[in-house]
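First comes the structure, then the notes that go with it.
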Amino acid sequence: MKLVIASRNKGKIQELARILAVVAPNVELVGSDQFPDLSDVAETGETFEANALLKARTISRETGLPSIADDSGLCVDALNGAPGIYSARWSGTHGDDRANLEKVLQQLEDVEIENRGAAFKCVVALVLPSGQEATREGEIRGVIRRASEGDGGFGYDPIFQPTGYQVTMAQLSAVEKDEISHRGKSLRAIAPEVARLLA
C-alpha cells in the first residue's frame, strides 16, 4: 500500500521515511514531490493537530491515496510556548532554519539556564481517502542552549538539549535522535493505526 508523506521539507521527509521503514516496513512511502501539481497547504490551524490534519486531508484528497502529515515545533517556556505552530516561520521567512534559531537565541539572551526549559512537540495525522483519520502526539522536554552545537538534524536541533543528555539533538546520530524525538514518538504511536488501516 502506498502512503504519501505530505511534506516538501527534505530533512523531515528523510526522518519520517527512516522511522516509518522500521515501524511500518510493508508500506511504500511516496514523497509529495512526486506529485508536482499538489496544492500548497496553508497552515491556518491554531494547533499542531489542526495543521497536520489540514495537510493530510488535502494531500489524500488530491492524490486519492492515504496520506501522513505532521506538524511540529519548538515550545519555549520563557516565551509562553512560542514559537509553537509558527516555528518554521518565526523569523518572518518560512523555512529559514538559521534565522529562526537565531531569533530564539536572541529572545532568550538574558534568560538564565534554569528558566530555558522547552519542548519539541509533534502531532502526526493519517488520513485515508475513505475519510478514516487518526492522530497521535509526541513530545520531548529539554533546555535551550546559549549557542548552536552540532550539524545533524534540522530546524532548532542545534540549540535543543534533551533532558538527560549533555549534547544537542544535532549532535545525536540519526538512530539516537529517532529513538527519543517527538516525531519518533508520535510515529511509533500511530504505527499500529498505519498497519491496521492500510492492511
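Let me spell it out: the conditions are (1) surrounded by fewer than 21 Cβ atoms within 10 Å (Cβ to Cβ); (2) more than 24 Å from LEU16 (Cβ to Cβ), and PRO83 meets all of them except one. Which number is the exception? With respect to (1) surrounded by fewer than 21 Cβ atoms within 10 Å (Cβ to Cβ); (2) more than 24 Å from LEU16 (Cβ to Cβ), PRO83 is out only on (2).
Within the range 128-147, restricting attention to residues that are crowded, with 17+ Cβ neighbours inside 10 Å and of a type in the set (Gly, Ala, Ser), the residue that is farthest from LEU3 (Cα to Cα) is GLY142. Figure legend. Inter-residue proximity from the range 161-179: first residues on the phi < 0 side of the Ramachandran plot and among the small types (Gly, Ala, Ser), second residues surrounded by 14 or more Cβ atoms within 10 Å (Cβ to Cβ) and in a loop (DSSP other than H, G, I, E, B), beta-carbon distance below 6 Å, spacing 6+ or different chains. Indicated pairs: ALA170/GLY150; ALA170/GLY152; ALA170/GLY153. Of the residues ALA119, ALA125, ALA78, which is among the aliphatic types (A, V, I, L, M), in contact with an Asp or Glu (Cβ under 6 Å, 6 or more places away or on another chain), surrounded by 15 or more Cβ atoms within 10 Å (Cβ to Cβ) and at pLDDT 95 or above? Within the list ALA119, ALA125, ALA78, the selection yields ALA119. Only one of these conditions is not met by GLU109: (1) surrounded by fewer than 22 Cβ atoms within 10 Å (Cβ to Cβ); (2) at pLDDT 95 or above; (3) in contact with a helix residue (DSSP H, G or I) (Cβ under 9 Å, 6 or more places away or on another chain). Which number is it? Only one criterion is unmet by GLU109, namely (3).
Just checking, does the range 179-187 include any residue being among the aliphatic types (A, V, I, L, M), surrounded by fewer than 22 Cβ atoms within 10 Å (Cβ to Cβ) and assigned to a loop (DSSP other than H, G, I, E, B)? Give the steps one after another, and end with the answer.
If we filter the range 179-187 for residues that are among the aliphatic types (A, V, I, L, M), which is where we start, we get 180, 187.
Subsequent filtering for residues that are surrounded by fewer than 22 Cβ atoms within 10 Å (Cβ to Cβ) retains 180.
In the following step, the residues that additionally are assigned to a loop (DSSP other than H, G, I, E, B) were identified as none.
No, the conditions are met nowhere in the range 179-187.
For the range 34-50, the candidate set comprises residues that are touching a residue at least 40 places away in the same chain (Cβ under 8 Å) and touching a helix residue (DSSP H, G or I) at 6+ places or on another chain (Cβ under 8 Å); within that set, the residue that is surrounded by the fewest Cβ atoms within 10 Å (Cβ to Cβ) is THR47. For the subset of the range 34-56 comprising residues that are within 17 Å of GLY95 (Cα to Cα) and β-branched (Val, Ile, Thr), which member is modelled with the highest pLDDT? Out of the qualifying residues, it is THR44.
The values are calculated or read from the model by the stated rules, or taken from the named source; none is laboratory data. Since we're looking at a predicted model, the values are computed, not measured. All Cβ positions, even for glycine, are placed from backbone atoms using ideal geometry, and neighbour counts span all protein chains on display.
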